[in-house]
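Since every read-out is calculated from the coordinates, none of them should be taken as a lab result. Owing to the predicted nature of the structure, the values given are computational and were not obtained by experimental measurement. With ideal geometry, Cβ positions are generated from the backbone for all residues, glycine too; neighbour counts draw on all protein chains shown.
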Amino acid sequence: MALINVIIVILLLTIILILSVNTVSKGIITLSTTIIIGLSTSFIAFKALLTSSYEIVFSGTLLFGTVPVKIDALSAWFILTINFTIITGAVYGFNYMKKYRERKNDITLHCIAFILVHFALLGICSVQNGFIFLLLWEMMAISVFILVIFEHEKPDTIKAGVNYLVQSHISIVFLMLGFIYVAYKTQSYGFDAIADFSDHQSTLAGTALFLCFFAGFAIKAGFVPFHTWLPYAHPAAPTHVSGIMSGVVIKIGIYGILRMLILIKTDYTTIGYFILFVSIFTGIYGVMLATIQHDLKKLLAYHSIENIGIIGIGIGIGCIGLGATNKWMAILGFSGALLHTLNHSLFKSLLFYSTGNVLQAAHTVNMERLGGIIKKMPRTSILFLIAAIAICGLPPLNGFISEFLILGGLYNWLYSANLISLVTIVFSIGGLVLIGGLAILCFSKAFSIVFLGNARCIPPDEIHETGFWQLFPMYMTVSVMIIIGLFPSLFLDALQRPVNLFTHHIVFNMNLIKVGAIDSLQTFNLLFMGLFMFVLGLLLLKKLISNKKIIKTGPTWGCGYNPAGSKLQYTAASFVRSYSKLAKPLLDIEKKEVEIDEVFPSGKHYETDPYDKIERLLIDKPLKLINKIADLFLFLQNGKLQMYILYGIIFITAVLCLPLIIDKIIAILHFLNNL
Amino acid sequence: MLSIILILFCSLFFTGIILRTKSITSGRKGPGIMQPLRDVIRLFKKGAVYSETTSIIFQIAPAIYFSTVIMACLVIPFGSYKGIVSFDGDFIFFAYILALGKFFSIISAMDTGSSFEGMGASREALYSMFAEPAFFILIGSFALFTGKTSFNEIFSTLHLGSSITYMLGGMASFVMIMIALIENSRMPVDDPKTHLELTMIHEVMVLDNSGFDLGLILSAGYLKFAMYGAIIADFFIGGLSLMYALPLFLLIQTLFAVTVGMIESFMARFRMNHNPQFILVLSSVSFLIFLGVLLVLEKFI
């Protein structure tokens, strides 16, 4: 109990302090508070993850009842993930924001919002009362909004921020609906009430309740078709905020879904199939759109959608495993999903931070204007490369481990499957592998266009490598990624208790074929070490051999024609041209092309603008319709003060008269009845 | 252990056999079987020219590419004899580690800043992406068929009993040969002997590599061929004793090489924009194999 009070006191003190000191100290205070809160809660979370959960109950008010705060293994896993990303984000952000120090008021607001986001995220993971949960959820939504609109002088940023704000409130509506419905039925906002309630209901009601919560959480997590806010909000935010949003804020949606799965007893098989299909669609759609993006931050945002899809596939497999009481499948699915949650928060924040470095050095993240950065910023480039390999799910990094577990779950499902599930499995495997293949296409494009080759434009300033302290959090992230890649069993052991929350009621059925996918992980560190040694050996051999040989440098082989140099290079659009031609029916790419018809053509422009088909269908069209209907009432807004006063008078009269009129109507009804 | 030695051994002659087949069918005298090997050895002895545009990626990529192929070979069994490592889901590792090598070869091609190499890189990335589902569905079908999830266990329990299973084995070999051709950028998808950079895929990606690096890339290509040959052979030698398995293995490898040579002699390369369709056909064939397995297991009601 004491610790939480201390944290709240620290929080308030920090906010007061931030308001009263100068800009540099604001950053230092924010950073240190984040680290203090992060470390202290991580301590509790570690204990909860490895031994027993931490639980206290606050006496609440009449309105929402007692407030139990409980950190069980699942909360602990998410709290640790959140703390790591937020702390690295804070260190990175502290250095990143140096460029903006003259904007004092914005910085104040930014710092306060940052701390509140951290607190709200931790709170959401541990509180067990629906009412407080919603309060914290709202607090998170608004603080993230403030973080996103830091550069509020740009109209695009405000637009993206408002888009985010609106959509996250739609999410809150769904959540409120769920919590209030349960509270109405059981007179309690506690999470236990949800569990009790679903125990006594038919599975159909449980499923409906779960779907209501799922819709709410899916908007936050970015499942297709609820993803449309994400590709706007991520690029608009300052880079460390994008990293945190993509790393942990959208993961809180995953946390919510998992929490509800534990609480609501329902038909797991149906839910599992539902989540699986939505997730495969999300994954493929996300990566398909990511591939055609030329704005690096937008590309990464679409990749977040893809990775949410992969996490969702894991959850879906886990649920189906629960429904079929296939313990191995459930374990593989849920551990894959949870590990991928951590993994994605690591490599995605790393990718965003490297992008931020590029943005500050080159003042743009439009790929078509970048190139050859690896020679100017070697450390940032290598960090981006490592993260890119990880996000493609390639060995020997962490992304491979979680994808391996999820695929292992799918292959394990084969043995206990009937016809329908077999077909599902084949399509899931195909989908997952296709996602991986497209991710490779996408990130080989992103890395090579931005970092390799020659510069496509002359940058406004000389490009320099970022300072050590801005790179430091990135080194931290990368080392955790490598540790997960090399010693996966360590993390699998840590995942035992969170996964057990889902699977504890399934008795091990000895007839089930044992999956060694988890045992296989132990061979990986040997294999990966072998790979490293082999590569190093070859490079050494090359060095030894080529010592005696003549090594020359020259221009790139241009097949006899070399004058245009950097302008002749492949661009991001041309790299994915054959892909976008193939996928054209599914995508929505607007092209502006000028025909060349004169004999001596002058300079010509060619523009492509990828758009989101689902957004056009689900957001733009209904909005247009609403606007059309609203336009019918445009005559009311005629700018005449007299008219507005008249409206006011009409309104007041109506409000006053309404009860009277209703009374009269009731009286007449009575009279009629008496007849 | 046995498998890696055999793969290394076969890789020495594989490309030679292809070249020899091609020269015999076209009525040329042609180079000897050992010529590709001599080429590699000559390259290892040579110096190198690096483009000014390239960075460290270009220097390390060939070594990584070669190492990934070796690592992939490690999990391949020889019939019922395990590979150097064998674990559940090792075929996932196999496909992903090869993808790592491919990733590096793509970015190393892009590192030169040449538009020709960019063209090859983009095609390679696209085609191998489409080939991947075929492989996973194929192995998935055999995993379902045998109830096992590692290369070694799948192949050692694989019995081709009834006529349907022979058909499955045939179709699986077809898919594997095609995957091998795509992964090695050989004929109907890519023509290694073409003289126009615009029509190349793999060859154009290594335009700027020379000396030791080019030697590594070429030998990785030879190894890859023998590796896929070993997988195809494994479909048939699963339960056999060493006395029969060994000659059969060598025979299948030779047949595979001759088949590749024949395909290259008598087929023209597809138009580039037809390639994706062709590769998607492979996924459909794998799906057919999957349905065949369902039929054998009587999963249809």
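Please average, across the residues of B:144-151, the number of beta carbons from any other chain that are within 10 Å of each residue's own beta carbon, and give a whole number.
Rounded to a whole number, the mean comes out at 3.
With Rg and the Kirkwood Rh both taken from Cα atoms, where does Rg over Rh land for region B:95-189?
1.10
Compute the acute angle (0 to 90°) between the alpha-carbon long axis of helix A:251-263 and the principal axis of greatest extent of the alpha-carbon atoms of chain A; round to the nearest 10°.
The answer is roughly 50 degrees.
Sorting A:ARG369, A:ARG616, B:ARG269 on the 10 Å Cβ count, fewest up front, what's the list?
On the way: A:ARG369 17, A:ARG616 12, B:ARG269 20.
Final ranking by Cβ density, sparse to dense: A:ARG616, A:ARG369, B:ARG269.
How long is region B:30-97 along each principal axis, judged by its Cα atoms, biggest number first, in Å?
Answer, in whole Å and largest first: 45, 37, 18 Å.
Only counting other Cβ atoms within 10 Å, I'd like B:PHE136, B:PHE87, A:PHE600, B:PHE9 sorted with the fewest neighbours first.
So the residues, fewest neighbours to most, are A:PHE600, B:PHE9, B:PHE87, B:PHE136.
If you fit an axis through the alpha-carbon atoms of helix A:2-20 and take the longest principal axis of the Cα set of chain A, what angle between them do you get, 0 to 90°, nearest 10?
Tilt relative to chain A: about 80 degrees.
Would you mind telling me which residue in B:LYS22, B:LYS82, B:LYS46 has the biggest mean-square fluctuation in a Gaussian network model of chain B, where springs connect alpha carbons within a distance under 10 angstrom?
Evaluated over chain B, the most mobile residue of the options is B:LYS46.
Let me know the mean shielding of B:207-220 by other chains, meaning the per-residue number of their Cβ atoms within 10 Å of its Cβ.
Averaged over the peptide's residues, the number is 2.
Tell me the mean residue ellipticity at 222 nm calculated for chain B from its helices only (DSSP H runs of n ≥ 4, each -39500 (n - 2.57), averaged over every residue, nearest 500). Before the final figure, lay out the partial values.
Details: 11 runs with 213 residues, N = 301.
Taking each H run of at least 4 residues, the total per residue is -24000 deg cm²/dmol.
Can you show me the helix-derived [θ] at 222 nm for chain A, built from DSSP H runs with n ≥ 4 at -39,500 (n - 2.57) apiece and divided by the number of residues, rounded to the nearest 500.
Computed mean residue ellipticity for chain A: -23500 deg cm²/dmol.
Whole number please: convex hull volume per residue, Cα atoms of region A:404-510, in Å³.
188
Evaluate the relative contact order of region B:2-296 (contact order divided by residue number), counting alpha-carbon pairs under 8 angstrom at least 6 apart; express in whole percent.
Once divided by the residue count of region B:2-296, the mean separation gives 31 percent.
Tell me, what is a quarter of the convex hull surface for the C-alpha atoms of region A:280-358, in nm² with one decimal?
Reported value for the Cα convex hull: 5.0 nm².
What dipole magnitude, in Debye to the nearest 20, does the protein assembly as shown give about its Cα centre under +1 on Lys/Arg Cβ and -1 on Asp/Glu Cβ? Display every interim value, and only then the final one.
Working: 64 positive and 53 negative charges, 296 e Å.
The dipole magnitude comes to about 1420 debye.
Fewest first, what order do A:TYR273, A:TYR268 take by the number of other Cβ atoms within 10 Å?
Ordered from fewest to most neighbouring Cβ atoms within 10 Å, A:TYR273, A:TYR268 come out as A:TYR273, A:TYR268.
Largest first and in whole Å, give the semi-axes of the protein assembly as shown's equivalent ellipsoid, each being the square root of 5 times a Cα gyration tensor eigenvalue.
Three semi-axes, in Å: 52, 35, 28.
Scan region A:576-634 for chymotrypsin sites (Phe, Trp or Tyr not before Pro) in coil per DSSP, keeping those whose Cβ has at most 14 other Cβ atoms within 10 Å, and list them by number. All intermediate terms of the calculation are to be shown ahead of the outcome.
Values: sites: A:TYR579, A:TYR606, A:TYR611, A:PHE633; in loops: A:PHE633.
Hits after loop and neighbour filter: A:PHE633.
So what does log10 I(q)/I(0) come out to for region A:218-285 at q = 0.13 Å⁻¹, using the Debye formula with one equal point on every Cα and no solvent?
So the normalised log intensities work out to -0.43.
Taking chain B as the reference, fit the longest principal axis to its C-alpha atoms, fit the long axis of helix B:115-146 to the helix C-alpha atoms, and give the angle between the two in degrees, 0 to 90, nearest 10.
10
For region A:634-674, compute the orientation-averaged projected area of the C-alpha convex hull (one quarter of its surface), in nm².
About 3.8 nm², averaged over all directions.
What ratio of Cα Rg to 2.2 N^0.38 Å holds for region A:516-675?
Normalised by 2.2 N^0.38 Å, the Cα Rg of region A:516-675 equals 2.44.
What is the ratio of the Cα radius of gyration of region A:590-675 to 2.2 N^0.38 Å, where N is its residue count, to two decimals?
Its radius of gyration relative to the 2.2 N^0.38 Å reference: 2.41.
What is the ratio of the Cα radius of gyration of region B:1-118 to 2.2 N^0.38 Å, with N the residue count, to two decimals?
Output field value: 1.31.
What does the convex hull of the Cα atoms come to per residue for region B:2-296, in Å³?
Measuring per residue, one finds 124 Å³ for the Cα hull of region B:2-296.
Send over the per residue convex hull volume for region A:9-52, Cα only, as a whole number of Å³.
Taking the convex hull of the Cα positions in region A:9-52, it is 48 Å³ per residue.
Could you tell me which of B:ILE17, B:LEU207, B:TYR228 has its Cα farthest along the dipole of region B:2-296 towards the positive end, charges placed at Cβ (Lys, Arg +1; Asp, Glu -1), taken about the Cα centre?
Most positive-ward Cα: B:ILE17.
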